Amino acid sequence: MIEKHATAVWKGSLKEGGGTLNSQSGALSNLGYTFATRFEGGKGTNPEELIGAAHAGCYAMFLSALMSGEGIVPESIEATSTIALDPTTEGGPTVKTAHLVVKVKAPTDEGKIRELADKAKAGCPISKLLNATVTMELAVL
């Protein structure tokens, strides 16, 4: 079992307060976030952006692993994950979708890349973690 952790500390009220995020590795160190950065487009990060980064990174690594298992070494895999938060959901804000946009450059046919890309979308550990619809657009370069 591999375990990783991050810590959030929030101080103050929802709209006037703020928080910091710290990760075990130190990659996040007192990274600030606020109501404005999450719900009003303010400058700074938010949990959905961080989930998107985790999803994109996980997906790209998993697709590379699947391709490598087939003897295909990708020149590049660029993955962007857009996490959609609906703030108006009854019962509170809810993440509804995670949409992957993927660009792959690799020395193999497009059909094989599409097959492996779909497997990676379903099998990536972060995709499996999300209780949201995960969609994808793929461009083979």
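Nothing in this text is a laboratory measurement; each read-out follows from the coordinates by a stated rule. The model shown is predicted, which means the values in this text are computed figures rather than measured ones. As a convention, Cβ positions derive from the backbone with ideal geometry for all residues, glycine included, and neighbour counts pool all protein chains shown.
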Vicinal HN-Hα couplings computed from phi for region 18-34 (Karplus, 6.51 cos²θ - 1.76 cosθ + 1.60; Hz; Gly/Pro x): x, x, 10, 10, 9, 10, 3, 6, x, 4, 9, 9, 6, 6, x, 8, 9
Under 15 Å, Cβ to Cβ, from residue 10 - net charge with Lys/Arg +1 and Asp/Glu -1: +2
Globularity ratio of the chain, using Cα Rg and 2.2 N^0.38 Å: 1.20
Potential lengthening between residue 16 and residue 3 on full extension [0.36 nm per residue; Cα-Cα distance subtracted]: 1.4 nm
Estimated inter-spin distance, residue 53 and residue 30, nm [label 7 Å along Cα→Cβ]: 1.7 nm
Coil-residue trypsin sites (Lys or Arg not before Pro) of region 23-100, DSSP, other Cβ within 10 Å capped at 15: 43
Quotient of C-alpha Rg and 2.2 N^0.38 Å, computed over region 49-106: 1.42
